[in-house]
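Remarks on the structure that follows.
The values are calculated or read from the model by the stated rules, or taken from the named source; none is laboratory data. For clarity, every value in this text was computed on a predicted model and none was experimentally measured. FYI the Cβ positions are ideal-geometry reconstructions off the backbone, even for glycines, and counts take in every protein chain you see.
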Amino acid sequence: MKITIASDHAALALKSALIEHLREGGHDVNDLGPHDDSSVDYPDYGYKLAEKIASGDAEYGVALCGSGIGISIAVNRNPAARAALVSEPLSAKLAREHNDANVIAMGARLIGAEMAKACVDTFLSTGFGGDRHQRRVDKLSNPSTTKEPA
């Protein structure tokens with residue numbers, strides 16, 4: 001699989017561990033940076049990652065920052081990206097199965113490397129459930145199709 005990964009300075013070590021893990025698993029990994037621990041702004045990297053998803057340059061993305069919250073918000077500004085902030089494998093599985101998430105987001109200050117690897121592995125090995133979930137996913141990228149609840 002073609003996977004793009006990006007982080008901020010707070011998640012540099014976790015990003016490196018995940019890149020190694022993904023490459024060992026046979027994945028083609030594109031590291032968008034940063035490449036040193038200089039302070040950077042997570043929105044810049046979240047936007048770059050989302051652009052790679054939107055253009056089709058990557059099948060999936062991995063977004064990391066200190067909490068995972070900020071970078072996931074940045075990624076989700078692009079209608080083609082569906083980033084899910086996860087902290088354990090069940091939420092990673094449900095993000096793919098129910099929401100067809102194409103980006104997994106995690107917080108380096110909140111999750112260890114082994115748990116992050118387990119989340120990524122689950123995320124990448126889970127398919128989208130389709131069926132009743134499809135219309136909901138369609139609405140995520142096109143809010144104008146939503147209806148007010150009865």
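For Ala80, indicate whether it is modelled with pLDDT under 95, of a type in the set (Gly, Ala, Ser) and either more than 18 Å from His27 (Cβ to Cβ) or under 14 Å from the mean Cα position of the chain (by Cα) (or both). Walk me through how you get there before you give the answer.
Numbers: modelled with pLDDT under 95: yes; of a type in the set (Gly, Ala, Ser): yes; either more than 18 Å from His27 (Cβ to Cβ) or under 14 Å from the mean Cα position of the chain (by Cα) (or both): yes.
Taking the combined requirement at face value, the residue satisfies it.
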- request: Enumerate the pairs (first residue in the range 21-38 and surrounded by fewer than 17 Cβ atoms within 10 Å (Cβ to Cβ) and of a type in the set (Lys, Arg); second residue anywhere and modelled with pLDDT of 95 or more and not in a loop (DSSP other than H, G, I, E, B)) with beta-carbon separation below 9 Å, excluding pairs fewer than 6 apart on the same chain, so at least 6 apart or on different chains.
  value: Arg23/Val29
- prompt: Residues in the range 11-20 that are buried (at least 21 other Cβ atoms within 10 Å of the Cβ) and hydrophobic (A, V, I, L, M, F, W, C): how many?
  reply: 3
statement: Taking the range 76-100 and keeping only residues that are outside any loop (DSSP other than H, G, I, E, B), of a type outside the set (A, V, I, L, M, F, W, C) and under 14 Å from Val62 (Cβ atoms), one is left with Arg96
statement: Matching residues in the range 32-75 (within 23 Å of Thr126 (Cβ to Cβ) and assigned to a loop (DSSP other than H, G, I, E, B)) number 5
- request: May I ask you to say which residue of Ala17, Ala10, Ala54 is among the aliphatic types (A, V, I, L, M), out of contact with any Leu (no Cβ under 6 Å at 6 or more places or on another chain), at pLDDT 95 or above and within 21 Å of Leu140 (Cα to Cα)?
  value: Ala54
message: Return the residues of the range 86-121 that are touching a helix residue (DSSP H, G or I) at 6+ places or on another chain (Cβ under 9 Å), under 30 Å from Arg135 (Cβ atoms) and surrounded by fewer than 22 Cβ atoms within 10 Å (Cβ to Cβ); say none if nothing qualifies.
response: Ser87, Glu88, Pro89, Leu90, Ser91, Lys93, Glu97, His98, Asn99, Asp100, Asp121
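Select from the range 101-125 the residues that are touching a residue at least 12 places away in the same chain (Cβ under 8 Å), among the small types (Gly, Ala, Ser) and assigned to a helix (DSSP H, G or I) and list them in ascending order. Walk me through how you get there before you give the answer.
At the first step, the residues of the range 101-125 found to be touching a residue at least 12 places away in the same chain (Cβ under 8 Å) are 101-111, 113, 115-124.
Going one step further and asking which of them are among the small types (Gly, Ala, Ser), we end up with 101, 105, 107-108, 113, 116, 118.
Across the range 101-125, the qualifying residues are Ala113, Ala116, Ala118.
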Complete set of residues in the range 39-59 that are under 14 Å from the mean Cα position of the chain (by Cα) and surrounded by fewer than 20 Cβ atoms within 10 Å (Cβ to Cβ): Pro43, Tyr47, Lys48, Glu51, Ala54, Glu59
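Take the range 14-36 and flag every residue that is small (Gly, Ala, Ser) and either within 19 Å of Ala50 (Cα to Cα) or within 15 Å of the chain's Cα centre (by Cα) (or both).
Within the range 14-36, the first condition is being small (Gly, Ala, Ser), and the residues that meet it are 16-17, 25-26, 33.
Scanning the range 14-36 gives a single hit, Gly33.
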query: Could you say whether any residue in the range 60-83 is hydroxyl-bearing (Ser, Thr, Tyr), free of Cβ contacts under 8 Å to residues at least 24 places away in the same chain and within 16 Å of Ala6 (Cβ to Cβ)?
result: no
- prompt: What's the number of the condition Ile5 fails, among (1) surrounded by fewer than 23 Cβ atoms within 10 Å (Cβ to Cβ); (2) aliphatic (A, V, I, L, M); (3) under 18 Å from Ile111 (Cβ atoms)?
  reply: (1)
